[in-house]
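Okay, so here's the structure we're looking at.
Every number in this text was worked out from the coordinates using simple rules, so none of it is lab data. None of the values given here were measured: they were computed from a predicted structure. Glycine gets a Cβ as well: all are built from the backbone with ideal geometry, and neighbour counts include every protein chain shown.
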């Protein structure tokens, strides 16, 4: 694997905290950071990228995450421009501005994309939504109202993040895998995907589905229970249809009181009928 020309420079300044206070070093560190930020916004660099040789199919670029953190370290608080509102943030992370030529639809009403995030042509952003730095949002994706794309999250092509969907960010530790939502996934309203979970191509998460590293997922079709391990994140299989469910507490007071715990359930795998139920997405583009 080739080493990116920026990698050694970013790793050097990240390993020297004095770069934030020594003005002779700070200028060079900032120059490297701004070059990294520009490459992130152009989609030329990613905090994680597909890698067929990896057990998860994804490779984390820890040095890119170091560069993002370096930007926070080097930045100073400033007042950022806003219409009738007051914003104070690190000067290294202002809000991104888009032009019609970039082909990104930012519907009026309070959406924000932070500097250092990549948003591809033909993405639709419905207000109010937020895309944090280091995130990657690919072509044809719809980020619906009140949806969050967390720092370093990787969103594939033609994904629908429904209203109030939360895609968690994993910026630290730098070697940890961020949340990955692969191509053609539908994430239902009020769903949450956190802690490095990977959702494979074509999967459907019904409204209210919550996935975390500690969440077992019960596959009724294959008769398996999917879990994260110390080495691997939780992975939702390709074309799986996941709905919120529950499982009875079988011991102690929980059993005595008849309590149940939340349990996501794979009830089927995507087929033509499932495709018909999601065909509305094409009308929104």
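Taking a ≥ b ≥ c as the square roots of the Cα gyration tensor eigenvalues, with a/c under 1.5 meaning rounded and otherwise prolate when a/b beats b/c, else oblate, which class fits segment 66-184? Spell out each step's value before the answer.
Working: a/c = 1.79, a/b = 1.13, b/c = 1.59.
Here segment 66-184 falls in the oblate category.
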(message) Given the DSSP H assignment, sum -39500 (n - 2.57) over each helix run of at least 4 residues in the chain and divide by its residue total; what's the result at 222 nm in deg cm²/dmol, nearest 500?
(response) -5500 deg cm²/dmol
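What shape does segment 150-282 have by the C-alpha gyration tensor, where a ≥ b ≥ c are the square roots of the eigenvalues, rounded means a/c under 1.5, and otherwise prolate means a/b greater than b/c and oblate the rest?
Values: a/c = 1.83, a/b = 1.22, b/c = 1.50.
Oblate shape, in that a/c is at least 1.5 and b/c is the bigger or equal ratio.
Translational D (Stokes-Einstein, µm²/s) of segment 7-77 at 10 °C and 1.306 mPa s when Rh comes from the Kirkwood sum over C-alpha pairs? Kindly include the intermediate steps, with their values, before the conclusion.
Values: Rh = 12.8 Å.
The Stokes-Einstein estimate is 124 µm²/s.
Tell me, in nm to one decimal, what length is gained between residue 218 and residue 12 on full extension, where the rule is 0.36 nm per residue of separation less the Cα-Cα distance? Please report the intermediate quantities before stating the final value.
On the way: separation 206, 0.36 × 206 = 74.16 nm, distance 4.48 nm.
Length gained, residue 218 through residue 12: 69.7 nm.
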(message) Distance between the C-alpha centers of segment 44-91 and segment 139-163? Whole Å please.
(response) 17
(request) Please find the FRET efficiency linking residue 273 to residue 54, where r is the Cβ-Cβ separation and R0 is fixed at 30 Å, and quote it to the nearest 0.05. (result) 0.35
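Let me have the relative contact order for segment 7-77, percent, based on Cα pairs under 8 Å that are six or more residues apart.
Numbers: 63 pairs, mean separation 27.5, N = 71.
With pairs under 8 Å counted, the relative contact order is 39 percent.
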(request) Return the single residue from 180, 123, 149 with maximal mean-square fluctuation; model: Gaussian network over the chain, springs between Cα atoms under 10 Å. (result) 123
(request) Indicate the gyration tensor shape class of the chain (rounded, prolate or oblate), computed on the Cα atoms with a ≥ b ≥ c the square roots of the eigenvalues: a/c under 1.5 is rounded; otherwise a/b larger than b/c is prolate and the rest oblate. (result) prolate
(message) Modelling each spin label as a point 7 Å along the Cα-to-Cβ direction, I'd like the residue 246/residue 76 distance in nm, to one decimal.
(response) 5.6
(message) Once R0 is set to 25 Å, what does the formula 1/(1 + (r/R0)^6) return for the Cβ-Cβ distance between residue 263 and residue 232, expressed as a FRET efficiency to the nearest 0.05?
(response) 0.80
(request) Pick out which of 262, 118, 136 has the largest mean-square fluctuation in a Gaussian network model of the chain, springs linking Cα atoms closer than 10 Å. (result) 262
